[in-house]
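Undergrad: Mind looking over this structure? Questions follow.
The values are calculated or read from the model by the stated rules, or taken from the named source; none is laboratory data. Since we're looking at a predicted model, the values are computed, not measured. Positions of Cβ are generated from backbone atoms using ideal geometry, with glycine treated the same way; all protein chains shown enter the neighbour counts. The protein model used for the area step is the full one, side chains on, heavy atoms only, and it has no ligands, DNA or RNA in it. Shrake-Rupley method; radii C 1.70, N 1.55, O 1.52, S 1.80 Å.
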Amino acid sequence: MAKVLVFIDNPGSALKKSSLELLTLARSLGDSAVAVNGDVSDAVAASFAEYGASAVLRPSAQDLDEYLVAPKVTFLAAAAESTGAAIVLLDNSPEGKEIAARLGIRLGAGVITDVVSVDSDGSAHKAVLAGSYNTTCKAKTPVSILTIKANNVVPEPAAAHSTPEQGTVDVPAAGAVPAARVTAREQKVASGRPDLTDARIVVAGGRGMDGNFGPVEELADALGAAVGASRAATDAGWISHDAQVGQTGKTVSPQLYISAGISGAIQQKAGMQTSKVIVAVNKDAESPVFEIADFGIVGDVFDVLPQATAEIKKRKG
Amino acid sequence: MEDTLKIVVLVKHVPDAQFDRHLNGEGHTADRDESILSELDEYALEAALQLAEARGGSKAGNQVIALSMGPSGAVNSVKKSLQMGATEGIHVTDEALAGSDAAATSLALAAAIRHVGQVDLVLTGMASTDGETSLVPAQLAERLGLPQVTFASTLEVDGGRLTARRDADTFSETVEAPLPAVVSVTDQINEPRYPNFKGIIAAKRKSITTLSLSDIGLSPDQVGFAGSWTAISSAEERPPRTAGTIITDEGDAGIKLVDFLAAQKLL
Ligand SMILES: Cc1cc2nc3c(=O)[nH]c(=O)nc-3n(C[C@H](O)[C@H](O)[C@H](O)COP(=O)(O)OP(=O)(O)OC[C@H]3O[C@@H](n4cnc5c(N)ncnc54)[C@H](O)[C@@H]3O)c2cc1C
Ligand SMILES: Nc1ncnc2c1ncn2[C@@H]1O[C@H](COP(=O)(O)O)[C@@H](O)[C@H]1O
């Protein structure tokens, strides 16, 4: 059976859904082991067993987070070698991709990012050119490294719990490798809304919101949705840059994307056109966003959004 | 002078996203007929120019070398970089490079950078607008054994060290690294300039070096389809999205919107 190694970085108090997805996928491909950086709580350790991991490996050094990427690569390379992994799975976050990138060079392994599903032979499926093509790719090397997009696997515990073997991987102190050092880190205040990248519904506003994101936020809250934005809105400072959807922002693929006061430029479409259902509200009937909308309303966002919010609240009681 | 910088900026020639983009041929590679300098790489070039200008520019001995790997047309991206203000250009081109994945691309770019010699900084865009993998900067750093700072939204260089700011979803951070280093920058870092008339004239006198694979010490089997570690076995074009129902608000569009969501079981 193929050996599969899953990298989980700083799991915190409980495993995230995307980590459970990686563990589920790994088990479907072979014998799965986990390489984990950071503290492992009892709940996290229990999840590893519940998801059938055969081994849990941790680094001997604790300072991996103080440096960018390189020390984590050293840890993961050693873990991959010691488990004899043929497939290494990481999340598709920017850092996950960078660790994958460097690990690829370290191990002489092909790297495939943005993967949505994996066949039993290791072939990976992904969309390219802003979702306009679906492709199948495969690494030609003995080891393949895949970064997996969230929300494409249904997390499922193993039929029988495992008792993972616990191991420590010797790594040099992180400071020994040439790497950039983190000198300050500020936490951002959490919005309390769902995470944009894996929200089921996104309500996004653009320049048409004219400095007032209230109607977008109220509609989002009535729907339990995340808030997104065009670059025009984030550049204007009406909403945090983290909310930007598009080529240089987040790529989202929710069940429902409501676009309000956004024209639908190519860079915006790049981040949202694979959404299941697109609704657009824009006062200009000629806006390109209407070319991709399943339901389009030619109207003023300041009329349509509040009316919809009130109606949803009424129906939900 | 101590403080002058020699910066290599990686500029990629990419299919213009304003036109329909296609994957062609056996290797399913992007069609490059309507190609331009990747707009995301303009931010890297602008960042390099600002660092050089703050130190007295080319007169003081600062160098900004625009480096592009790609087919013959890629020289146009090098030219545009020279018009914006780069001091010289390098175009790595060879038929054997066609179809290179990130591993093969980073191998060739690393070899070309070594060919340039000692450099202080390698600047890249945050992602190429065609491949969009963002793998190249990290792989390049690994191959050159250099610290990497990706997605920098600010960048300062002082006394042989760089300081940059990065933004993640839940935090922002300040990072420091000794030079030389590989840095990729985001579109938040600056506002790229347009080439002006003076720049266009000046560019005509600047040199562009063309390098083949053997010039950078690589053999054809190390790059291109042969040297890549991944292969695309199939590519299917998704049917383009088509427009659905469009209505004009007559005072009740908000309610109709909710009716639509209810019908789609999205409430
Ligand atoms: C390198 C690069 C990267 C980029 N990356 C991104 C990216 O990641 N994401 C992104 O979104 N953009 C990105 N852009 C910018 C992109 O090109 C567009 O400029 C941007 O998406 C426009 O935002 P907008 O639609 O909100 O504004 P506009 O294009 O100005 O559109 C505003 C719309 O609001 C409508 N409107 C105005 N008032 C109302 C009202 N009261 N009611 C209803 N409708 C109204 C108007 O009809 C108009 O269609 C990028 C650009 C570059 C060069
Ligand atoms: N063929 C190339 N020539 C020059 N620079 C490149 C090339 N490919 C990638 N790059 C650089 O690497 C960055 C990230 O590209 P990618 O990893 O392909 O998303 C780009 O923004 C460029 O700066």
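Undergrad: Residues of region A:98-116 being surrounded by fewer than 24 Cβ atoms within 10 Å (Cβ to Cβ) and within 23 Å of the chain's Cα centre (by Cα), which ones?
TA: Result: A:D114, A:V115, A:V116.
Undergrad: Return the total of residues in region B:127-150 being within 16 Å of ligand 1 (Cβ to nearest atom) and modelled with pLDDT of 95 or more.
TA: The qualifying residues number 0.
Undergrad: Return the only residue of A:A35, A:A26, A:A127 being in contact (Cβ under 8 Å) with a residue 60 or more places away in the chain, within 20 Å of the chain's Cα centre (by Cα) and surrounded by fewer than 20 Cβ atoms within 10 Å (Cβ to Cβ).
TA: Within the list A:A35, A:A26, A:A127, the selection yields A:A127.
Undergrad: Confirm whether B:I232 is of a type in the set (A, V, I, L, M) and touching a Cys at 6+ places or on another chain (Cβ under 7 Å).
TA: yes
Undergrad: Condition first: more than 8 Å from ligand 1 (Cβ to nearest atom), within 30 Å of the chain's Cα centre (by Cα) and buried (at least 19 other Cβ atoms within 10 Å of the Cβ). Now tell me which residues in region A:283-308 satisfy that.
TA: A:F290, A:I292, A:A293, A:D294, A:F295, A:G296, A:L305, A:A308
Undergrad: Next up: Which condition breaks for B:I189 when tested against (1) under 28 Å from A:V115 (Cβ atoms); (2) within 16 Å of ligand 1 (Cβ to nearest atom)?
TA: Among (1) under 28 Å from A:V115 (Cβ atoms); (2) within 16 Å of ligand 1 (Cβ to nearest atom), the lone unmet condition for B:I189 is (1).
Undergrad: Looking at (1) surrounded by 14 or more Cβ atoms within 10 Å (Cβ to Cβ); (2) in a strand (DSSP E or B), find the lone condition where A:V153 falls short.
TA: Every listed condition holds for A:V153 apart from (2).
Undergrad: Hey, another quick one. When you scan region A:66-95, how many residues do you find that are within 15 Å of the chain's Cα centre (by Cα) and either among the charged types (D, E, K, R) or open to solvent by less than 10 Å² (accessible area, probe 1.4 Å) (or both)?
TA: Final tally of qualifying residues: 4.
Undergrad: Somewhere in region B:100-115, is a residue of a type in the set (D, E, K, R) and surrounded by fewer than 18 Cβ atoms within 10 Å (Cβ to Cβ)?
TA: Scanning region B:100-115, I find at least one residue that is of a type in the set (D, E, K, R) and surrounded by fewer than 18 Cβ atoms within 10 Å (Cβ to Cβ), so the answer is yes.
Undergrad: Still on this structure, please answer the following. Of the residues B:L121, B:L109, only one is under 12 Å from B:L67 (Cβ atoms), in contact with a Leu (Cβ under 7 Å, 6 or more places away or on another chain), within 14 Å of chain A (Cβ to nearest Cβ) and away from ligand 1 (no atom under 16 Å from the Cβ); which?
TA: B:L109
Undergrad: Going by the conditions given, is B:L45 open to solvent by less than 10 Å² (accessible area, probe 1.4 Å), of a type outside the set (F, W, Y) and at pLDDT 95 or above?
TA: Yes; evaluated as a whole, the condition is true for this residue.
Undergrad: Further, regarding this structure: For region A:65-88, does any single residue satisfy the condition of being in the same structural domain as A:D9 (by TED's automatic domain parsing), touching a Phe, Trp or Tyr at 6+ places or on another chain (Cβ under 6 Å) and within 21 Å of A:V34 (Cβ to Cβ)?
TA: Yes: one or more hits.
Undergrad: Could you list all residues from region A:130-150 that are over 22 Å from A:A85 (Cβ atoms), open to solvent by less than 30 Å² (accessible area, probe 1.4 Å) and assigned to a loop (DSSP other than H, G, I, E, B)?
TA: Result: A:A130, A:G131.
Undergrad: Quick one: in region B:147-161, which of the residues that are in contact with a strand residue (DSSP E or B) (Cβ under 6 Å, 6 or more places away or on another chain) and either of a type in the set (S, T, N, Q) or more than 27 Å from A:Q247 (Cα to Cα) (or both) is most open to solvent (accessible area, probe 1.4 Å)?
TA: Ranking the candidates gives B:R161 first.
Undergrad: Just give me the residues in region A:156-176 being open to solvent by less than 40 Å² (accessible area, probe 1.4 Å) and among the β-branched types (V, I, T), in sequence order.
TA: Residues satisfying the conditions are A:V169, A:V171.
Undergrad: Name every residue in region A:207-225 that is within 11 Å of A:I258 (Cβ to Cβ) and free of Cβ contacts under 8 Å to residues at least 40 places away in the same chain, in order of residue number.
TA: A:A220, A:A225
Undergrad: Looking only at region A:249-282, which residues are within 8 Å of ligand 1 (Cβ to nearest atom), β-branched (V, I, T) and surrounded by fewer than 21 Cβ atoms within 10 Å (Cβ to Cβ)?
TA: A:I266
Undergrad: Also: Which residue out of B:T174, B:T230 is in contact with a Ser or Thr (Cβ under 9 Å, 6 or more places away or on another chain) and touching a residue at least 12 places away in the same chain (Cβ under 8 Å)?
TA: The match here is B:T230.
Undergrad: What is the number of the single condition among (1) at pLDDT 95 or above; (2) in a loop (DSSP other than H, G, I, E, B) that B:R114 does not meet?
TA: Among (1) at pLDDT 95 or above; (2) in a loop (DSSP other than H, G, I, E, B), the lone unmet condition for B:R114 is (2).
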